[in-house]
Amino acid sequence: MSTTQLSPYKDELSKAMKFLAEKDDTIFIGQQIVYAGNPMSTTLGDVPKEKMIETPVMEETQMGISLGLAMTGKTVISFYPRWDFLISAANQLINHADKFQHMTGKKANILIRVGVGSKDPLDPGIQHRNDYSNEFSSILQFTKVHKLNKIENIYKIYTDAYTEGGVHILVEWPELYYKN
């Protein structure tokens, strides 16, 4: 039986998820994370299922739940396989999570994983492969947007975001998961 060869890109994401899974205060939430179905879910092999919350397709509610969990002291890793899905959570992200610390004086720790859809090997269509990093960077006042386009920075960006706390969007390119 052959095993899938991971790329250095996917290796670094998997290593970052393992680091986060080992922290007592982390919880993972999103679509297709417990029941694998998108490339991001393939980076969760070292994350115990009891640290995961599987959600149906309800992006805005997912972001609201993420903020609620963060308000209890959890560091939440919230999964949006494509930017186009995160748009549906924009109200909760822009009006609540982004400004939470400045409204309450308390930090909400949310790491948002978002993917830029790929045309290869299967084109999901124009509505599922956009990169809104610049647009969201200009709208969000306090959330940091990190583009994970350099393999050597992935793990450090995740560990720094966890240590710093607050709300971070970590943008990845799933087509790089299978390229060496």
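The values are calculated or read from the model by the stated rules, or taken from the named source; none is laboratory data. Fair warning: this is a prediction, and the values are worked out from it, not measured in the lab. FYI the Cβ positions are ideal-geometry reconstructions off the backbone, even for glycines, and counts take in every protein chain you see.
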Residues that are out of contact with any helix residue (DSSP H, G or I) (no Cβ under 6 Å at 6 or more places or on another chain): which helices (runs of 4 or more DSSP H) entirely in region 1-120 hold 3 or more of them? 8-21, 59-71, 100-104
Given the structure, is Ala90 surrounded by 21 or more Cβ atoms within 10 Å (Cβ to Cβ), farther than 18 Å from Lys10 by Cβ and not β-branched (Val, Ile, Thr)? no
The residue from Asp84, Asp120 that alone is under 20 Å from Ser41 (Cα atoms) and over 16 Å from the mean Cα position of the chain (by Cα) is Asp120
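Take the conditions more than 15 Å from Ile94 (Cβ to Cβ), at pLDDT below 95 and not hydroxyl-bearing (Ser, Thr, Tyr) and apply them to Glu175. Does it pass? Write out each step before concluding.
Working: more than 15 Å from Ile94 (Cβ to Cβ): yes; at pLDDT below 95: yes; not hydroxyl-bearing (Ser, Thr, Tyr): yes.
Taking the combined requirement at face value, the residue satisfies it.
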Could you give me the residue pairs with C-beta distances under 6 Å whose first residue belongs to region 78-96 and is of a type in the set (A, V, I, L, M), whose second residue is assigned to a helix (DSSP H, G or I) and surrounded by 17 or more Cβ atoms within 10 Å (Cβ to Cβ) wherever it lies, and which are 6+ apart or on separate chains? Ala89/Glu59; Ala89/Met63; Leu93/Met63
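Can you name the residue in region 121-156 that is charged (D, E, K, R) and touching a helix residue (DSSP H, G or I) at 6+ places or on another chain (Cβ under 7 Å) and, of all such residues, is modelled with the highest pLDDT? Before the answer, list the steps.
Pass one, region 121-156, residues charged (D, E, K, R): 123, 129, 131, 135, 144, 147, 150, 152, 156.
Now restrict to residues that are touching a helix residue (DSSP H, G or I) at 6+ places or on another chain (Cβ under 7 Å): 131, 147.
On the way: Asp131: 94, Lys147: 98.
Checked region 121-156; the qualifying residue modelled with the highest pLDDT is Lys147.
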Members of region 100-139 found to be in contact (Cβ under 8 Å) with a residue 12 or more places away in the chain and within 16 Å of Gly165 (Cβ to Cβ), listed by number: Phe100, Gln101, His102, Lys106, Lys107, Ala108, Asn109, Ile110, Leu111, Ile112
Do we have Gly68 as farther than 26 Å from Glu135 by Cα and either surrounded by fewer than 23 Cβ atoms within 10 Å (Cβ to Cβ) or free of Cβ contacts under 8 Å to residues at least 24 places away in the same chain (or both) here? no
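Looking for something of a type in the set (Lys, Arg), without any contact (Cβ under 8 Å) to a residue 60 or more places away in the chain, farther than 17 Å from Tyr80 by Cα and surrounded by fewer than 19 Cβ atoms within 10 Å (Cβ to Cβ) - is there at least one such residue anywhere in region 155-175? Explain how you work it out, then say what you get.
First, the residues of region 155-175 that are of a type in the set (Lys, Arg): 156.
Now narrow it down to the ones that are without any contact (Cβ under 8 Å) to a residue 60 or more places away in the chain: 156.
Narrowing the set further to residues that are farther than 17 Å from Tyr80 by Cα leaves 156.
Within this subset, residues satisfying the condition of being surrounded by fewer than 19 Cβ atoms within 10 Å (Cβ to Cβ) are 156.
Looking through region 155-175, at least one residue is of a type in the set (Lys, Arg), without any contact (Cβ under 8 Å) to a residue 60 or more places away in the chain, farther than 17 Å from Tyr80 by Cα and surrounded by fewer than 19 Cβ atoms within 10 Å (Cβ to Cβ).
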Collect the residues in region 21-80 that are of a type in the set (Gly, Ala, Ser), within 24 Å of Lys106 (Cα to Cα) and more than 14 Å from the chain's Cα centre (by Cα), keeping them in residue-number order. Gly64, Gly68, Ala70, Gly73
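Can you tell me which of Lys74, Lys15 is surrounded by 15 or more Cβ atoms within 10 Å (Cβ to Cβ), farther than 25 Å from Trp173 by Cβ, touching an Asp or Glu at 6+ places or on another chain (Cβ under 9 Å) and among the basic types (Lys, Arg)? Please lay out each step first, then the result.
Working: Lys15 fails: farther than 25 Å from Trp173 by Cβ.
That would be Lys74, the only listed residue that is surrounded by 15 or more Cβ atoms within 10 Å (Cβ to Cβ), farther than 25 Å from Trp173 by Cβ, touching an Asp or Glu at 6+ places or on another chain (Cβ under 9 Å) and among the basic types (Lys, Arg).
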Of the conditions (1) over 18 Å from the mean Cα position of the chain (by Cα); (2) surrounded by 15 or more Cβ atoms within 10 Å (Cβ to Cβ); (3) closer than 18 Å to Glu12 by Cα; (4) of a type outside the set (Gly, Ala, Ser), Phe100 clears all except one; give me its number. (3)
